Amino acid sequence: MSFDRTLDESALFRICFVCTGNICRSPMAEAVFKSLIRKSGLGDSIAVISAGTGDWHVGEPSDERTVTALKSHGHDGSAHRAKQFDPEWFENLDLVVVFDRGQERILRAWAGNEPDRSKVQLLLSFDTEQSGTLDVPDPYYSDAEMFDTVLGMIERASTSLFHQITPGIRQGVS
């Protein structure tokens, strides 16, 4: 595997958040999830990374509005550099989390088999409080307020996802 930020393949659970350009939504989710992991003490057990379906922003930092929103919520997204998802990563991942149905279609099309297709899940499907849409809106063409709104959605759904996966992970940690 060739990640700029390496994915710890020895972790019990490996997750990749995938949005369109890897500069707004997926870096938010990666930073939020890393905060949850750090606070829980499960740093050696859960590995997280993010990527985009497109290659437009590869190598670029997150959108400055993403970094600002993250910082205002106590998360650090300053070291992020965008990358494009590689379908070869499926075999080393347990879960591929996307933000809208378009990304879900793309990633499932890239998956080579049914087990890999089943790894692709919409983030909001994990939010037990969520009602209505399952798509997290792309804040890129909006204002800073929308970045805060989107980050709030991502924090709630990521926290819910984290609480759903940690019981099994804690069982695997001796």
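Of note:
- In segment 111-151, the residues that are basic (K, R) and in a helix (DSSP H, G or I): R117
- Top-ranked residue of segment 126-174 - restricted to ones that are touching a residue at least 40 places away in the same chain (Cβ under 8 Å) and aromatic (F, W, Y), ranked as nearest to F33 (Cα to Cα): F162
- The residues in segment 52-88 that are buried (at least 21 other Cβ atoms within 10 Å of the Cβ) and over 24 Å from A144 (Cα atoms) can be counted, and the count is 1.
- Residues of segment 135-168 that are hydrophobic (A, V, I, L, M, F, W, C) and surrounded by 17 or more Cβ atoms within 10 Å (Cβ to Cβ): V136, M146, F147, V150, L151, M153, I154, A157, L161, F162, I165.
- Of all residues in segment 5-56 being charged (D, E, K, R) and closer than 12 Å to K83 by Cα, the one that is farthest from the chain's Cα centre (by Cα): D55
- Residue count for segment 27-72 under the criterion of being within 24 Å of G168 (Cα to Cα) and aromatic (F, W, Y): the result is 1.
- Among the residues listed as V32, V67, the single one being in contact with a Pro (Cβ under 8 Å, 6 or more places away or on another chain) and over 23 Å from P115 (Cβ atoms): V67
- Yes/no for S10 being out of contact with any helix residue (DSSP H, G or I) (no Cβ under 7 Å at 6 or more places or on another chain) and at pLDDT 95 or above: no
The values are calculated or read from the model by the stated rules, or taken from the named source; none is laboratory data. Please read all numbers here as calculations on a predicted model, not as lab measurements. Cβ atoms come from the backbone with ideal geometry, glycine included; neighbour counts cover every protein chain shown.
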